[in-house]
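The structure appears below as structure tokens.
The values are calculated or read from the model by the stated rules, or taken from the named source; none is laboratory data. This structure is a prediction, so every number in the text was calculated from the model and none was measured. FYI the Cβ positions are ideal-geometry reconstructions off the backbone, even for glycines, and counts take in every protein chain you see. What goes into the accessible areas is simple: the full protein's heavy atoms, side chains included, and nothing from ligands, DNA or RNA. Shrake-Rupley method; radii C 1.70, N 1.55, O 1.52, S 1.80 Å.
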Amino acid sequence: MGEVNEYLVLEYVRDNRRTTRPEIARDLQLSQASVSRMVARLIARGVLVETGDTSGSGGRPRVVLTLNVESACVVGIDLGGTKCHGALSGLDGEILAEEYVTVADAGGAFEALERVWAAMQTAAAARGVEIGALAVGVPAVIDADTELAVRGPNVGWAGFDLVDRVRAFGVPFLVDNDVNLAAIAEGEVGQALGSRDYAVLSIGTGLGGAVVSNGRLVRGRHNAAGEIGALLPDVRMLGENRASDIGGLESVLSGAAIAHHARELAASSPDARAEFGEAPTAREVIAAGLDGLPHGKALLDDVVRALAQAVITFAAVTDPETVVIDGSVGRALAPLLDDVTRLVARHIATPPRLAVSDLGPNSTVRGALSGALHHLRLTEAPQVLGELTHEGGTPS
């Protein structure tokens, strides 16, 4: 129990930035003597530092505790289908260094991850600090039983042993779905700040989702909760076999799907080719639709209906306060959120608030840094680590 309390003290100092022993004892309902012993151990390990502060007191300085933000650092990595983005942070979560590598330049997704990891090691060494933990977000599900990556068609990782590969990096780590990590970031610093019930719907190359209920990320038996891309937009799709491929809704509501349908239309219609060319991207199709061009608008109407269906499903099953729309394609759909809201309100008595993520393309990296910091703080209380987490696991 003492080690659990030590972990809680670390969490408290991190959340409050500057605090004192009496404040910790009062708010955590611990004895002054216990707090003093735990703080002494954390100071001895270099995790906490104390300073004198006379501001506003006019008398005897009080002893203020803060994190020694560069006593260790953590790395968060967003390994996507086209690029890999990594960030190094101190214990306060402030980003110290970043690295971007495209999958094409690296010759593969895991090779891009290796390059980014090497760059983060170099950045940490230049600051004279060790990397205490690593978190990697991937557009796939890590199976709870096998630890193999599954349901990641956009990276071609059916059965890929990513966890074992990352274990070879030699630091405490976790690997999780990228949208799960983005959901953590949205709850800490994004559109869901202060909410205990919300969902994230990420529309990029593919389609992903995550659900937070009563303040906890919902995982499901196989870590696949929130994978809304598998939803069937049409019951006639029941005869198809999509268990290991692009899901039903993902075949309509994703960047790859939008571009595919636009290319098919352009191949058969000179007017469509004139609107957005022979090989349009999802962004070009969305731009054409927002400009009111007829073929682009028709495709965009289908996207709006599919997005409304996804929100209605989240609302009916989990009753979230907010649904955050994320991903490069999702953020581009911001001008259409009112249309989606009106469709949702026809079917849900208490519709959720819809909001576009304001974290830009950094939501997964920010969530990964939070996950890595959580993992590191658990390792600061060694016995608790064995009870609450395991190397290669995922944050709660």
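Quick notes on this structure:
- Filtered by the rule that a residue be closer than 17 Å to Gly206 by Cα and among the charged types (D, E, K, R), the range 274-283 gives a lone residue, Arg283.
- Criterion: of a type in the set (A, V, I, L, M, F, W, C), in contact with a helix residue (DSSP H, G or I) (Cβ under 7 Å, 6 or more places away or on another chain) and open to solvent by 10 Å² or more (accessible area, probe 1.4 Å) - qualifying residue of Ile246, Ile228: Ile228
- Test set (1) assigned to a helix (DSSP H, G or I); (2) closer than 17 Å to Leu376 by Cβ; (3) modelled with pLDDT under 85 - Gly46 fails condition number: (1)
- Condition check for Glu70: open to solvent by 40 Å² or more (accessible area, probe 1.4 Å) and modelled with pLDDT under 90: yes
- Residues of the range 197-246 satisfying the condition of being under 24 Å from Gly81 (Cα atoms) and among the hydroxyl-bearing types (Ser, Thr, Tyr): Ser202, Thr205, Ser244
- When Gly107, Gly52, Gly76 are checked against the criterion of being loosely packed, with under 14 Cβ neighbours inside 10 Å and closer than 30 Å to Leu162 by Cα, a single residue qualifies: Gly107.
- Positions within the range 272-310 being of a type in the set (Val, Ile, Thr) and free of Cβ contacts under 8 Å to residues at least 40 places away in the same chain, in sequence order: Thr281, Val285, Val304
Here's the yes/no breakdown for (1) farther than 18 Å from Leu217 by Cβ; (2) out of contact with any helix residue (DSSP H, G or I) (no Cβ under 6 Å at 6 or more places or on another chain); (3) in a helix (DSSP H, G or I):
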residue	(1), (2), (3)
Val303	yes, yes, yes
Val311	yes, no, yes
Val324	no, no, no
Leu336	yes, no, yes
Val344	yes, no, yes
Thr364	no, no, yes
Ala368	no, no, yes
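- Take the conditions (1) touching a Ser or Thr at 6+ places or on another chain (Cβ under 9 Å); (2) modelled with pLDDT under 95; (3) assigned to a helix (DSSP H, G or I); Arg273 misses just one of them, which is (1).
- Residue, farthest from Ala257 (Cα to Cα), within the range 294-353, restricted to residues that are open to solvent by 40 Å² or more (accessible area, probe 1.4 Å) and in contact with a Lys or Arg (Cβ under 8 Å, 6 or more places away or on another chain): Glu321
- Taken together, the criteria place Ala279 among residues that are under 34 Å from the mean Cα position of the chain (by Cα), modelled with pLDDT under 95 and either over 21 Å from Arg305 (Cα atoms) or not in a helix (DSSP H, G or I) (or both).
- Residue within the range 206-213 that is open to solvent by less than 30 Å² (accessible area, probe 1.4 Å), more than 14 Å from the chain's Cα centre (by Cα), under 24 Å from Ser328 (Cα atoms) and not charged (D, E, K, R) present: yes
- Answer from Val150, Val235, Val200 - the residue that is open to solvent by 30 Å² or more (accessible area, probe 1.4 Å) and within 29 Å of Pro352 (Cα to Cα): Val235
- If you check Ala144, Ala112, Ala135, Ala123 for being surrounded by fewer than 17 Cβ atoms within 10 Å (Cβ to Cβ) and either touching a strand residue (DSSP E or B) at 6+ places or on another chain (Cβ under 8 Å) or of a type in the set (A, V, I, L, M) (or both), only one passes: Ala144.
- Among the residues making up the range 17-41, those that are more than 15 Å from Val63 (Cα to Cα) and open to solvent by less than 70 Å² (accessible area, probe 1.4 Å) are Leu28, Leu30, Ser31, Ala33, Ser34, Met38.
- In this structure, Ala112 does not qualify as of a type outside the set (Asp, Glu) and under 24 Å from Glu11 (Cβ atoms).
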